[in-house]
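Here's the structure, in structure tokens; my notes come after.
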Amino acid sequence: MKLDIGPADACTALKTLRNDLGRLRMSKPIYVTQPHLPPLAEFVPYLETIWESKILTNNGPFHKRLEDALCHYLGVPHLALFTNGTIALVTALQALRITGDVITTPYSFVATAHALLWNNLQPVFVDIDPNTCNLDPDRIEEAITPQTTAILAVHCYGNPCAVERIQRIADTYGLRVIYDAAHAFGVRYRGESLLQHGALSVLSFHATKVFNTFEGGAIVCPDSTTKQRIDYLKNFGFADELTVTASGINGKMSEVNAAFGLLQLDHIDRVLARRRELEAYYREALGQVTGIALLETPPNTEGNAAYFPIFVNDNYPLSRDALYQKLAEAGVFGRRYFYPLITTMPMYRKLPSAARHNLPVASRFAEQVICLPLYPALTGDDQARVVELIVGS
Ligand code: T4K
């Protein structure tokens, strides 16, 4: 078909098309994260194997292979897979038979504190260090009482806690240390896996995490005896067909999730490299914006660029919520991780340690934070769009 239009009309049509494409690009929503998914065709052979064997769960072959592969990749001695990070946290506290009061952070996802309540443990909230967003080691000792038995700390945004200082305090007072390492997949500290610190570390493999198995999680532990106890606990307490050793739960990861994890491991180095690239660009582009503060990566740390939090100060032209709204209106959906603070929620706010005056830093940060979009498929153009909105306020 021959179009009978002159050069001027063609030029106008082209301009309209270009504008429409521009609008389409601008209106495509950008979320805080998007899971990395390998090409579907690569997953089909794994599914065929499962269909063939009919082993769907209960410590099947993919489950065993993923545990071994993750120990090797992460550089940790033992690891037990779970259905999700929250059940892994609940089980970690059971595995160590923690009782009484547990020191923890208010600045985390609510699952951290909920895991304590599910074990009838009393959270004792301690403020965070403004340089890391993690438990402030200078504030821990004053919160210890004869009822304190453990410290549940979070490597927030994947940044290492003050692991040496926390361990020294724990050793002095005879406390156990458990790390909620939901954000810390692949993080290395002083040349070794960060997950080696503490009595146990708990990972999340949720869809929104650096390494995902759709849903999933794991406990990293130092020895085979603890690993065996955890394995019993996540399988109703069964030690064998006839022996039930504890009131365990069903926390087992399925074969489909485990197989998917194995495939994800083939891609993880590229995923981490792309995340670090995006993080470096944000740092460069936003490092000098008046009123916007960034978190430094702590020394001796090889991070995983799990999140990119910015903190909106009073000298920025907009309030945090106004900037959040401006971004959302432009189709950029950051998230205020972690707002509201856990300690403002109904099940925690009456605890003496939940009082705002006890948690000035966490309270302030919760009101300043926005986590910006960061995921491997984020394009350079999308990222520039996010930056433009922040710089141009
Ligand atoms: N400890 C800490 C420190 C944690 O951060 C978490 C979980 C846990 C423990 C517990 O681990 P799990 O039991 O979850 O394994 C998300 C996640 O649900 C949660 O796993 C995560 N922390 C928390 C920080 O963030 P939401 O409510 O913000 O997620 P949602 O559904 O709003 O997702 C955020 C964005 O991600 C969406 O806007 C779009 C995108 N998305 C999300 C999902 C679920 C996708 O593109 N695909 C998806 O499937 O809580």
List the residues, sorted by chain then number, that are 5 or more residues from PHE333 or on another chain and whose placed amide H is less than 5 Å from its amide H.
ILE30, TYR31, VAL32
Please list, in chain and number order, the residues 5+ apart from ARG176 or on another chain whose amide H is under 5 Å from its amide H, with Hs placed from the backbone.
ALA150, ILE151
Whole-angstrom Cα spans of segment 272-393 along principal axes, big to small
47, 35, 24
Can you flag which of LYS54/LYS209; LYS64/LYS227; LYS209/LYS326; LYS234/LYS350 are past 23 Å Cα-Cα?
LYS54/LYS209; LYS209/LYS326; LYS234/LYS350
What's the exposure ranking of SER224, SER201, going from fewest to most Cβ atoms within 10 Å?
SER224, SER201
Would you order THR57, THR343, THR290 from fewest to most other beta-carbon atoms within 10 Å of each residue's own beta-carbon?
THR290, THR57, THR343
Looking only at Cα atoms, what is the convex hull volume of segment 328-393 per residue, in Å³?
119 Å³
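Exposure proxy check: GLU141, GLU241, GLU329 ranked by fewest other beta carbons within 10 Å? Present the calculation step by step, with values, prior to reporting the outcome.
On the way: GLU141 12, GLU241 5, GLU329 9.
Going from least to most buried by this count: GLU241, GLU329, GLU141.
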Would you mind classifying the chain by shape? Square roots of the alpha carbon gyration tensor eigenvalues, ordered a ≥ b ≥ c; an a/c under 1.5 is rounded, otherwise it is prolate if a/b is larger than b/c and oblate if not.
oblate
Relative contact order of the chain: what whole-number percent is it, with Cα pairs under 8 angstrom and at least 6 residues apart?
22 percent
With contacts defined as alpha carbon pairs under 8 Å and 6 or more residues apart, what's the relative contact order of segment 135-294 in percent?
13 percent
Within the chain: Cβ-based charge dipole about Cα centre, in debye rounded to nearest 20 (Lys, Arg +1; Asp, Glu -1)
560 debye
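Rule-based calculations on the coordinates, nothing more; no lab input. Quick caveat: nothing in here was measured; it's all calculated off a predicted structure. Using ideal geometry, Cβ is built from the backbone for each residue, glycine included, and neighbour counts are taken over all protein chains shown.
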